[in-house]
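Step one of this worksheet: look at the structure below.
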Amino acid sequence: MDTILQVGGLCKQYDGFSLDDVSFSLPYGCIMGFVGENGAGKSTTVKAILNLIRRDKGEIQVFGKDNIHEEQDIKERIGVVFDSLNLPEMIRPQDVGRMMRSIYHQWDQKKYLEYLERFQLPAKKIIKDLSRGMKMKLAIAVALSHNAQLLLLDEATSGLDPIVRDEILDILLEFIQDASHGILFSSHITSDLEKIADYVTFIHQGKILLSEPKDQLLEKYGVIKCSESEFSTLDQKAIVGVRRHQFGIEALMEKEKIPSGTYIVDKASIEDIMLFIARGERQ
């Protein structure tokens with residue numbers, strides 16, 4: 001078994017929205033950036049992985065185990081960080097540790113206290129009075145203090161300042177040094193994912209549009225800038241998306257299909273790829 005998380009044919013129907021045959025695999029020792037616009041289905045997928053919603057169809061395996069039939073064992077080995085801290089606001093970080101000891105069999109109080117010190121979190125200050133950045137670091141401290149192997153982060157860095165975000169990314173990179181670990185990082189901040197992700201999975205309107213290694217993805221495409229007449233000479237099958245404006249045309253295109261010449265070709269970022277696929281004109 002070489003995948004820590006396997007999602008296959010996941011379907012979930014709501015009024016006005018559905019997950020449609022969502023499938024992807026996260027290998028051990030890797031970070032997957034799970035990207036998409038708000039409402040694309042990222043959080044719904046994460047909830048399905050955690051068995052917090054009833055799926056209509058599909059299979060989910062974590063550590064090679066079915067996430068429904070072996071839910072309790074799986075959740076012992078998963079750390080979860082949502083975009084808000086789901087803890088009572090009137091307790092203190094030092095109280096959180098005592099509470100978690102009765103929830104996780106492998107809770108490591110010593111490690112938890114070390115994370116509080118490392119993150120400079122005031123153990124005796126009530127959670128309500130902590131900044132958003134402190135609350136997110138507290139959530140990560142909890143997620144990392146019961147010997148979790150898989151981290152699920154759902155917009156965990158959203159709304160944080162660049163310094164705190166960078167600190168959290170360093171923590172994630174440290175966690176993934178263990179080849180038995182894995183991280184599914186759902187986020188719309190693509191610059192964070194470009195720094196740390198090994199794989200990128202793009203979900204749009206409930207469907208997976210791509211799922212592949214990040215470096216391979218960034219190397220595959222370029223953004224070509226040209227006139228209307230120049231555009232007409234390009235291999236249209238190699239063009240993923242087009243954006244027209246008053247100064248000409250921008251097109252996301254496979255690099256190897258771009259003809260040599262005087263074309264201006266920019267490097268495509270993850271955000272570029274998302275925008276051209278989701279909002280650009282299709283060929």
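If the condition is being part of a loop (DSSP other than H, G, I, E, B), touching a residue at least 60 places away in the same chain (Cβ under 8 Å) and closer than 21 Å to residue 116 by Cα, then segment 160-204 contributes only 176.
Based on this model, can you work out whether residue 49 counts as open to solvent by less than 40 Å² (accessible area, probe 1.4 Å) and more than 18 Å from the chain's Cα centre (by Cα)? It is false that residue 49 is open to solvent by less than 40 Å² (accessible area, probe 1.4 Å) and more than 18 Å from the chain's Cα centre (by Cα). On inspection, residue 246 does not qualify as out of contact with any Asp or Glu (no Cβ under 8 Å at 6 or more places or on another chain), open to solvent by 80 Å² or more (accessible area, probe 1.4 Å), at pLDDT 90 or above and not charged (D, E, K, R). Within segment 63-76, the set of residues being out of contact with any Lys or Arg (no Cβ under 8 Å at 6 or more places or on another chain) and under 16 Å from residue 27 (Cα atoms) comprises 64, 65.
Is there a residue in segment 146-157 that is more than 22 Å from residue 119 (Cα to Cα), in contact with a Gly (Cβ under 6 Å, 6 or more places away or on another chain) and modelled with pLDDT of 95 or more?
Taking segment 146-157 as the starting set, the residues that turn out to be more than 22 Å from residue 119 (Cα to Cα) are none.
There is no residue in segment 146-157 that is more than 22 Å from residue 119 (Cα to Cα), in contact with a Gly (Cβ under 6 Å, 6 or more places away or on another chain) and modelled with pLDDT of 95 or more.
Per-residue answers, yes or no, for (1) part of a strand (DSSP E or B); (2) among the charged types (D, E, K, R); (3) within 24 Å of residue 135 (Cβ to Cβ):
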| site | (1), (2), (3) |
| --- | --- |
| 44 | no, no, yes |
| 51 | no, no, no |
| 80 | yes, no, yes |
| 84 | no, no, yes |
| 89 | no, yes, yes |
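Of all residues in segment 199-221, those satisfying the criterion of being under 11 Å from the mean Cα position of the chain (by Cα) and either of a type outside the set (Ser, Thr, Tyr) or surrounded by fewer than 19 Cβ atoms within 10 Å (Cβ to Cβ) (or both) are 200, 202, 203.
If you go through segment 171-183 one residue at a time, do you hit one that is open to solvent by 10 Å² or more (accessible area, probe 1.4 Å), within 19 Å of residue 151 (Cβ to Cβ) and small (Gly, Ala, Ser)? Yes - at least one qualifying residue is present in segment 171-183. Of the residues that make up segment 238-245, is at least one out of contact with any strand residue (DSSP E or B) (no Cβ under 7 Å at 6 or more places or on another chain) and outside any strand (DSSP E or B)? The answer is no, given that none of the residues of segment 238-245 is out of contact with any strand residue (DSSP E or B) (no Cβ under 7 Å at 6 or more places or on another chain) and outside any strand (DSSP E or B). Considering every residue within segment 72-92, establish whether at least one is in contact with a helix residue (DSSP H, G or I) (Cβ under 6 Å, 6 or more places away or on another chain), of a type outside the set (A, V, I, L, M, F, W, C) and over 21 Å from residue 182 (Cβ atoms). Yes, segment 72-92 has at least one match.
The values are calculated or read from the model by the stated rules, or taken from the named source; none is laboratory data. A quick note: this is a predicted structure, and the numbers were derived from the prediction, not measured. Backbone-built Cβ (ideal geometry, glycine too); neighbour counts: all protein chains shown. In case anyone asks, the SASA skips ligands and DNA or RNA and just uses the protein heavy atoms, side chains included. Shrake-Rupley method; radii C 1.70, N 1.55, O 1.52, S 1.80 Å.
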